[in-house]
Each structure stands twice: as structure tokens, then as C-alpha cells.
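Reviewing the structure listed below.
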Amino acid sequence: MGSDDGFIEIIDVTKAFGPADRRVYALGGVAATIRRGEFFTLLGPSGCGKTTLLRLIAGFELPTSGEIRLDGQEIGHLPPFRRPVNTVFQNYALFPHMTVAQNIGFGLEMLGKPKADIAATVERMLALVKMTDLAGRRTDQLSGGQQQRVALARALAPQPKVLLLDEPLSALDLKLRKEMQVELKRIQLETGITFIFVTHDQEEALTMSDRIAVMSGGKILQIGTPREIYAHPTNRFVADFIGETNFIRARVQGGKAIVGGEVEVPLPAAPAQGEVTLAIRPEHLRLVAKGTAGALTATVGDAVYFGTDSHVHLTLGDGTGIVVRQQTDPDGREGPAPGSVLGVSFPPAAVQVLED
Amino acid sequence: MASRTFTASRLPGFATVAIVVFIALYMPIAMLMIYSFNAGDSIAIWDGFSFQWYERAWENEKVKEVTIRSLVIAGSAATISTVAATMAALATTRKKPFRGQTGIYVAINQPLMVPEIVTAVALLIFFAAIKVATGYQGLGYLILAHSAFCIPFAYLPIRARLEGMDLTLETAAADLYATPWWTFRRVTLPLLAPGIVAGMMLAFVTSLDDVVITLFVKSAGQDTLPTYLLAQIRRQVTGEVNAISTVLLALTVILLTTFFLLTRKRS
């Protein structure tokens with residue numbers, strides 16, 4: 001990456017709405033650095049500020065404080081039509097009085113490109129999104145998936161430095177969404193354009209992104225690759241939002257966490273004393289015989305069968321509920337009987353210590 | 001099925017009332033149209049079919065003169081009021097709500113609420129002062145007066161159209177390098193066009209059949225079609241009046257049908 005580090009720099013950006021005496025902060029001090037050519041995802045529940053951040057980068061809103069730099073240039077104060085950034089809108093926002101080709105050519109036309117260039121680019125974009133046959137159609141005669149492709153082509157045609165995508169797949173049905181995920185990734189690799197993608201769907205974020213910023217309450221909680229975010233969440237919210245997680249309280253003593261007064265877990269970087277929360281993914285827990293060394297004692301509750309695997313719910317001695325994910329036994333054996341007492345073991349590496 | 005909702009059409013005598021109302025509404029108009037084709041001089045005794053009243057009206061220089069004046073006034077007033085209404089509609093829907101917006105909304109629609117006779121008297125006095133001061137006697141007063149009371153008729157359909165428009169379309173245009181002016185030219189205006197045409201037609205029709213304000217504001221020799229018809233009827237009622245009214249009616253129906261088709265929501 002080297003010199004490409006910091007293609008887009010978001011520096012302590014805040015955004016407040018409302019009058020001075022009743023200010024509501026949609027973004028409270030956000031900082032992030034996005035690399036050139038990266039597929040960067042803003043992930044979080046609705047109201048977390050991810051769309052506001054996207055709109056600030058696009059120029060639809062101006063930051064209350066802070067800076068947004070693109071390729072070294074401060075763009076935070078520029079109107080949207082002066083930023084080399086294009087957006088794919090959640091509802092597509094195709095111009096209903098124009099054909100597919102006119103929609104795609106609109107940006108280039110506004111940039112004052114010669115007609116021949118526009119026609120050639122529109123051709124290329126139609127081919128890129130596989131819509132060549134429908135160039136002359138009106139946009140209200142297209143299906144949702146086709147409109148999505150036109151919106152993508154329209155935003156890519158002016159060759160922006162950054163493409164912003166605001167939950168573009170949320171209106172599509174599941175099958176189409178999966179197809180478009182693959183398509184989007186292909187187009188991003190083909191064009192080499194930096195994508196900033198907004199979604200509330202953690203699976204979508206994990207499968208498509210180079211890096212993810214998890215947001216909540218107007219702040220970025222953690223930035224990392226999908227693997228880092230999933231395997232090493234630093235924060236209880238992140239651990240809970242991405243995938244399923246067991247949270248277990250533990251007492252720290254001499255660099256080790258003691259769970260339920262029975263099991264010691266070595267911690268790489270832990271506070272010397274006090275209480276911490278440990279996060280362990282359900283697939284990292286294993287059911288073993290009661291009394292196995294290093295295993296927690298737990299009582300089996302019910303089990304939920306999913307086909308490829310099942311979730312076994314158990315209760316620890318202190319009443320904490322945990323879930324163990326078990327692959328379905330090839331011999332078709334039943335899971336553990338409810339009410340029985342078992343041991344639950346885990347490799348020490350699977351344990352994450354969270355900041356609360 | 002026992003329905004709990006109140007359905008007017010189930011009340012006793014509903015059909016009778018409906019028929020009486022429709023007869024009261026349309027019978028006189030039907031009579032007017034039928035007798036415009038009467039061969040005889042009477043407007044009450046049928047003497048056979050003819051186009052004689054249409055021919056006479058067509059050949060009447062006075063009728064031509066007042067018709068042209070009416071069209072000039074209606075055309076000018078519709079244009080002026082539509083431009084003003086479009087700007088007002090943009091200002092009241094595209095800007096952030098501002099203090100006093102409701103007041104402005106009421107002010108724009110004032111001609112719909114204030115009795116026409118009040119406006120007419122006020123304009124008479126106001127214009128009389130200007131006439132004395134400037135000496136100008138032309139059609140400008142009528143055009144100005146008509147423009148003023150036509151504004152709400154043009155404003156309402158334009159505003160409705162603007163409110164129904166997806167705002168992200170304008171955001172998308174700005175995102176695609178369109179300056180505010182080009183966004184207006186290429187996105188807002190084309191999408192607004194049906195509303196503007198509809199508003200203009202409504203304003204045109206409203207101006208075309210105005211009597212009260214015209215009577216008060218016009219100078220001598222500035223009769224419009226409706227005031228001319230009124231004057232004619234005072235003297236002697238002939239089929240010519242029927243013929244002119246029928247043509248006016250046909251014109252209005254055509255314009256209002258177009259208005260309806262333009263403002264109807266596309267499925």
C-alpha cells in the first residue's frame with residue numbers, strides 16, 4: 001500500500017442537526033483512513049451514522065467540524081457537483097424522464113464531455129453491467145435488479161475517484177442480492193475504483209469488504225479486515241453485532257482470568273486486577289465429559305437444529321447462558337440430553353478480552 | 001353483510017336526490033346547447049336545426065373583437081401567473097421551512113378566500129389612482145388583475161406536483177456534476193412540466209370566464225367575451241349568445257379534460 005495509504009482521510013468529523021440549543025449529533029468525532037482501490041464498508045445498525053458519513057463524503061451534507069480529504073485535497077466544504085465522487089442511491093434515483101443510456105450519460109454530459117466520448121463510455125458501461133440490450137428503455141420499464149445495474153453504470157460512467165454505495169442491495173430479494181454481491185465485487189476489481197459501501201447486513205460486509213468500519217451511536221468502534229473484526233473484536237458491541245458470541249464475566253488475577261472460580265485462562269494483555277468480559281464464538285466451544293481439565297461445568301438446556309449444525313444452549317454455574325455450535329454428527333446421533341451436566345472446553349486463543 | 005361503515009348511497013331516496021341534482025346541473029346547459037342550433041329566433045321554441053347563430057356570431061365583428069381581447073388577457077394572465085406560481089411553489093417546497101411560511105401560503109391563496117367583489121372594488125380604487133397619476137388606460141390593468149387572481153389556480157397543481165417529486169432525483173443530479181441551474185433545467189423542470197401546463201390551463205380558464213373583477217376594472221371599450229355576453233343579454237336574448245356560450249363551454253371542457261389527464265397519477 002505504502003504511498004496509497006490515506007487516499008481518503010476522515011479527520012475528527014462531527015455532524016450535528018437541529019438548532020443550537022437542541023443539537024443532536026449524528027456523528028460524534030469520526031476518524032478513518034481509506035486506501036486507494038479498497039472495498040471499504042461502513043457497517044452498523046440503522047441510526048448509527050453510517051449513511052450520514054456517506055452523505056458527508058458525497059457532499060449532500062456539510063460537516064459541523066473536522067476535515068474530509070481526498071487524495072490530499074480537502075473536499076469537506078465543496079458542493080457535491082464539484083467532488084470527483086459518485087453515489088449509488090438506496091432507491092436508485094434514476095431519472096424517470098430519460099432512457100437508460102441518457103441516465104448513464106448524464107454525468108459525462110454535465111462534465112461537458114464531447115458527444116462521441118459520451119456515447120463510447122455509455123457503451124462500455126452498458127457492457128460492464130450487462131445491459132446493452134436495454135439502452136433505449138425507459139427506466140420505469142426495468143426490474144429492480146436492472147435498475148440497480150443502471151444506477152451502478154450511471155455512477156461509474158464519469159470515472160469517479162470514489163464510488164459511494166448506500167445500502168444498494170437492500171431492496172433486492174435474497175437470490176438477486178447474492179448475485180449482485182458477486183457482480184459488485186467483480187466490477188470493483190475490474191475498474192479499480194475505491195468503493196465505500198454502507199450496509200447493516202454483517203454477512204454482506206464480511207463477504208465483500210477489504211476492510212470494515214463497525215459503527216454505533218455516531219462513532220466508529222473498530223476498523224479492520226473481515227477476519228480481524230470477526231476473530232478479534234475489541235468491543236462488546238462489535239462482538240455482538242458481527243456473528244454470534246458468548247459473553248462470560250471473569251475475574252483477573254495475576255495475568256490470568258478466572259472463570260466461575262474453576263478455570264484459568266492465560267491472558268496476553270490484561271489488566272492486573274478486576275473484572276473483565278470474555279467473548280468466545282459458539283463454534284470454538286466444545287462439549288466434553290464433565291470434570292475434564294480446563295473445562296467449564298454447564299447444564300444442558302435445549303438444542304436448536306439447523307441442518308448443517310445445531311446450537312446447544314447451556315447454563316454455567318453462575319447462571320450465565322452460553323451457546324455451543326456443534327456440527328451435525330455424520331452417524332445421525334442425537335445431541336446431549338437436556339438436564340445433563342457436561343464440560344465445555346475451548347482453546348485459550350479463541351478467547352477475546354473486551355473493553356466494555 | 002352488515003357493514004358498520006356509513007355508506008351514503010344506501011340512504012333512502014339517494015337515487016332520487018342524485019337524479020334531481022344532475023338534472024339541475026346539466027339540464028340548463030343541455031338546453032343552452034340545444035337552442036344554439038335553433039333555426040328560429042326564439043330561445044324557447046324549437047324551430048328546426050340550423051347553424052345560423054354560429055354563422056351570425058362568426059360574422060359579428062364585435063364578437064370577434066371581444067373574443068380576441070379575452071384570449072389576449074387570458075393568455076397573458078395565465079403566462080404571468082404561472083411563472084409567479086412556479087417560483088412560489090419552488091420557494092415553498094424546496095427551501096427549508098422558514099418562519100412565516102404558513103402566512104405566505106395563505107397570502108398566495110388569498111384570491112380563493114376573499115370575496116371576489118372585495119378584490120374587485122379594491123382593484124377599481126387602486127387602479128383608478130394609478131390611472132389618474134399615469135394617464136395609462138390600456139389592457140395592462142385587466143391583465144394585471146387577472147394575473148393576480150389566477151396565481152392560486154396555477155400554484156396548487158404545480159405545488160402538488162413538486163411535493164410528489166422524489167427529492168433524491170435532484171440530489172442524484174448534483175452528485176453527477178449538475179450545478180443547481182442544470183439540475184433545475186434537466187431534472188426538476190422536465191418532471192414539473194405536466195404540473196406547469198396543468199396550472200397554466202386552469203389559470204387560462206379561470207381568467208377566460210371572469211366577470212366580476214373584469215366589470216369593475218375595465219375601461220370603456222374593453223369588454224371581454226363574458227362581459228359582452230352579459231351586456232347582450234340585458235338588451236335582447238338571441239341564439240347568438242347560446243352559440244358563443246356553447247363554444248366557450250367546449251373550449252373549457254377540452255382544457256379541463258387535458259388538465260385532468262395531465263394531473264392524474266400515472267399508474
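So which helices (runs of 4 or more DSSP H) are wholly in the range B:90-155 and hold at least 1 residues that are basic (K, R) and assigned by TED's automatic domain parsing to the domain that holds B:F184?
On the way: elements: B:101-108, B:110-113, B:116-134.
In the range B:90-155, B:116-134 are the helices (runs of 4 or more DSSP H) which contain 1 or more residues that are basic (K, R) and assigned by TED's automatic domain parsing to the domain that holds B:F184.
Looking only at the range A:157-168, residues that are within 22 Å of the chain's Cα centre (by Cα) and more than 15 Å from A:Q90 (Cβ to Cβ) come to 2 in all. Are any of the residues in the range A:17-32 surrounded by fewer than 16 Cβ atoms within 10 Å (Cβ to Cβ), on the phi > 0 side of the Ramachandran plot and within 14 Å of chain B (Cβ to nearest Cβ)? So far as the range A:17-32 goes, yes, one or more of its residues are surrounded by fewer than 16 Cβ atoms within 10 Å (Cβ to Cβ), on the phi > 0 side of the Ramachandran plot and within 14 Å of chain B (Cβ to nearest Cβ).
Results for (1) modelled with pLDDT of 85 or more; (2) under 18 Å from A:E244 (Cβ atoms), shown as yes or no for each residue.
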site: A:G301; (1), (2): yes, yes
site: A:F306; (1), (2): no, yes
site: A:H313; (1), (2): yes, yes
site: A:V324; (1), (2): yes, yes
site: A:A349; (1), (2): no, no
site: A:L354; (1), (2): no, yes
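Looking only at residues in the range A:58-75 that are closer than 19 Å to B:L167 by Cα and either among the hydrophobic types (A, V, I, L, M, F, W, C) or surrounded by fewer than 16 Cβ atoms within 10 Å (Cβ to Cβ) (or both), which one is farthest from the other protein chains (Cβ to nearest Cβ)? My answer is A:L62.
Within the range B:34-49, identify whether any single residue is under 30 Å from B:H146 (Cα atoms) and outside the structural domain of B:Q110 (by TED's automatic domain parsing), and answer yes or no. Yes, that holds for at least one residue. Within the range A:76-92, if we keep just the residues that are in a loop (DSSP other than H, G, I, E, B) and facing another protein chain (nearest Cβ under 8 Å), the residue that is nearest to B:T179 (Cα to Cα) turns out to be A:P79.
Tally up the residues in the range A:289-310 that are outside any loop (DSSP other than H, G, I, E, B) and of a type in the set (S, T, Y), please. Residues meeting the conditions: 4.
Considering the range A:93-129, the residues that are crowded, with 19+ Cβ neighbours inside 10 Å and more than 14 Å from chain B (Cβ to nearest Cβ) include one that is farthest from B:T188 (Cα to Cα), namely A:L128.
Just one residue in the set A:A155, A:A127 is aliphatic (A, V, I, L, M) and touching a strand residue (DSSP E or B) at 6+ places or on another chain (Cβ under 6 Å); that residue is A:A155. Taking each residue of the range A:179-194 that is more than 17 Å from A:T207 (Cα to Cα) and looking for partners that are among the aliphatic types (A, V, I, L, M) and in a helix (DSSP H, G or I) with beta-carbon atoms closer than 8 Å, six or more apart or interchain, yields A:E190/A:L128; A:T191/A:L128; A:T191/A:L156; A:I193/A:L156.
I want to confirm something. Restricting to the range B:164-179 and keeping residues that are within 8 Å of another protein chain (Cβ to nearest Cβ), in contact with a helix residue (DSSP H, G or I) (Cβ under 9 Å, 6 or more places away or on another chain) and part of a helix (DSSP H, G or I), which single residue is farthest from A:L163 (Cα to Cα)? Here the residue is B:L169.
Please tell me if A:L176 is under 22 Å from the mean Cα position of the chain (by Cα), over 28 Å from A:L56 (Cα atoms) and surrounded by fewer than 21 Cβ atoms within 10 Å (Cβ to Cβ).
Yes: the conditions hold for A:L176.
Scanning the range A:311-351 for residues that are in contact with a Lys or Arg (Cβ under 9 Å, 6 or more places away or on another chain) and in a strand (DSSP E or B) turns up A:H311, A:V312, A:V324, A:R325, A:Q326, A:V341, A:L342, A:G343, A:V344, A:S345.
The values are calculated or read from the model by the stated rules, or taken from the named source; none is laboratory data. Computed from a prediction, not measured in an experiment: that's the story for all the values here. For neighbour counting, all protein chains shown are included, and Cβ atoms are generated from backbone atoms with ideal geometry for every residue, glycine included.
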